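Below you'll find the structure, written out as structure tokens, and then a few comments.
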Amino acid sequence: MPTVSVKRDLLFKALGRTYTDEEFDELCFEFGLELDEITSEKEIISKEQGIEKAEGASTVILYKIDVPANRYDLLCLEGLVRGLQVFKERIKAPVYKRVMPNGEIQKLIITEETAKIRPYAVAAVLRNIKFTKDRYDSFIELQEKLHQNICRKRALVAIGTHDLDTLSGPFTFTAKRPSDIKFKPLNKTKEYTACELMNIYKTDNHLKHYLHIIENKPLYPVIYDSNGVVLSMPPIINGNHSKITVNTRNVFIECTGTDFTKAKIVLDIIATTFSEYCENQFTVEAAEVVFPNGKSYTFPELAYRKEMVRADLINKKVGIRETPENLAKLLTRMYLKSEVIGDGNQIEIEIPPTRADVIHACDIIEDAAIAYGYNNIQMALPKTYTIANQFPLNKLTELLRHDMAAAGFTEALTFALCSQEDIADKLGLDISATKAVHISNPKTAEFQVVRTTLLPGLLKTIAVNRKMPLPLKLFEISDIVVKDSSRDVGARNCRHLCAVYYNKNPGFEIIHGLLDRIMQLLGVPPGEKQGGYVIRASEGPAFFPGRCAEIFARGQSVGKLGVLHPDVITKFELTMPCSSLEIDIEPFL
């Protein structure tokens, strides 16, 4: 959950009254939030960097409030105050309007070069806005919170805000070679090319996390005004020329990204949240965006939509007995203007542009439950009487775990993610033959793919425990994941059992005996008749030639056992022979 830090005194001033810490904590709970911490800037620095570094820091009391991840409208002081005031019925939810400018509309033209990098852009203007230092700080903070949340660290959407009075439209959103882009970035005194900026920001604690989004692209996105002035190079940095200050009166907002829907949501949130500081409150000036196909659209959309929910459905799902009129009042307190219509059981709910989190009827029902108060819902026994049952596969897993331990093997739990080298190169396989599911943006080389076998994890566990007394007998019963185009998600989980024996001698007979014991427990007799099991000589790149067998049970292959190849043992930094067994246990359910 995102955490929003607000100054306590500023919050109370905006709310029009003061609260004790306990009272405000209770108010947050009633509204579906959580007061996480009461602190100050000095206290935070003192904890993180020491008392000496905290000298001179502000002692203003800060409230750290946990906000639901999908409530983008509550990510700053203004949104929180407005939400709480509507909830306490002190004000009515404002109506947001998009207005056309008196003169020429601001235009943002997207060129076709952006198609493979960041193909979408939306824009709007906050006209005659009045900033103070606190409002300005909140404006910047909201952008940062949105970047970390719905924008997925700028990968989906990047926000740029500019002083419109320093620019001249129309604006052009295009893409150029890094060497052809040169401008003075935010808070810098000289011009740099895009290549130079990428090198400079590699050591910047804040911006270095966003460089990977475009650094390997042949073209970088950039926005110019009609005079060739660079507004921004999304998603990295804005230009210094159009920098916003406390004295800025007209703000041009542009959001570029790879997700059109989220770009529109982000623009709506910023525009609506700070439109209350415009001369004409809660109005946002429209901007025109022209796409490469020649079609033009006007933003922000600020779309209101209507949803219908039956009152009896809300009562049934929440477990309460409220009249439709009371339910409509509860929803109105949650920023969802509602009224009873039709047969008296239907509630019409108006979803404002600030509530992008409301997608289904269940979202509306949840808000009704919050407004009613979770503590006010009477506890009741379910009308249906059921006895929980363990999932059959998990039950089998638990039984096998106990018997594996009784056989003298120690259970290990290893990571589900591993490197490509672990499941391919070290086992003598090609990565394309493993059907492995790849992580699109791995944070470390150790976690590149989802494991397709449990063997590498156990061998790595033995490697870090090889000084322990011999023999080492480990097992694991966990899921592996392989690609499967027949599944809706393109992959499937399989529950595998893997056991490894590590000693001065290979111990193939130990592993073979373990297989016989497992089959005995599963009620599978030896032999091909009557659904039994057999092992047949086989070959595998991970096994020593002539020391590998494939296991067949009930007419299908379920796994392999054998003595591992010396090359495999060496690649996992082991020095002694090793035998292994790995089977799929799902066919035995």
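Computed quantities for the displayed model
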read-out: Residues that are under 30 Å from ALA155 (Cα atoms), in contact with a Phe, Trp or Tyr (Cβ under 8 Å, 6 or more places away or on another chain) and open to solvent by less than 70 Å² (accessible area, probe 1.4 Å), drawn from segment 91-106; value: TYR96, GLN106
read-out: Unique match (being open to solvent by 50 Å² or more (accessible area, probe 1.4 Å), more than 30 Å from LYS317 (Cβ to Cβ) and free of Cβ contacts under 8 Å to residues at least 40 places away in the same chain) among ILE439, ILE387, ILE423; value: ILE439
read-out: Sole residue being open to solvent by 30 Å² or more (accessible area, probe 1.4 Å), in the same structural domain as ASP137 (by the TED database) and of a type in the set (D, E, K, R), chosen from GLU196, GLU254; value: GLU196
read-out: Count of residues meeting criterion [assigned to a helix (DSSP H, G or I) and of a type in the set (Phe, Trp, Tyr)] in segment 252-285; value: 3
read-out: Which numbered condition ASN315 fails, given (1) out of contact with any Ser or Thr (no Cβ under 8 Å at 6 or more places or on another chain); (2) modelled with pLDDT of 95 or more; value: (2)
read-out: Counted residues, segment 2-33 - those being in a loop (DSSP other than H, G, I, E, B) and exposed (fewer than 13 other Cβ atoms within 10 Å of the Cβ); value: 4
read-out: Meets criteria (of a type outside the set (Ser, Thr, Tyr) and on the phi > 0 side of the Ramachandran plot) for GLY507; value: yes
read-out: Scope segment 51-94; condition assigned to a helix (DSSP H, G or I) and closer than 18 Å to TYR136 by Cα; matching residues; value: ASP73, LEU74, LEU77, GLU78, GLY79, LEU80, VAL81, ARG82
read-out: Matching residues in segment 237-251 - criterion: being assigned to a loop (DSSP other than H, G, I, E, B) and surrounded by 24 or more Cβ atoms within 10 Å (Cβ to Cβ); value: SER242
read-out: Verdict on GLY457 being under 32 Å from the mean Cα position of the chain (by Cα), crowded, with 16+ Cβ neighbours inside 10 Å and either farther than 23 Å from LEU589 by Cα or among the acidic types (Asp, Glu) (or both); value: yes
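The values are calculated or read from the model by the stated rules, or taken from the named source; none is laboratory data. Please read all numbers here as calculations on a predicted model, not as lab measurements. Cβ: placed from backbone, ideal geometry, glycine included. Neighbour counts: every protein chain shown. Areas reflect the complete protein model, heavy atoms only, side chains present, ligands, DNA and RNA absent. Shrake-Rupley method; radii C 1.70, N 1.55, O 1.52, S 1.80 Å.
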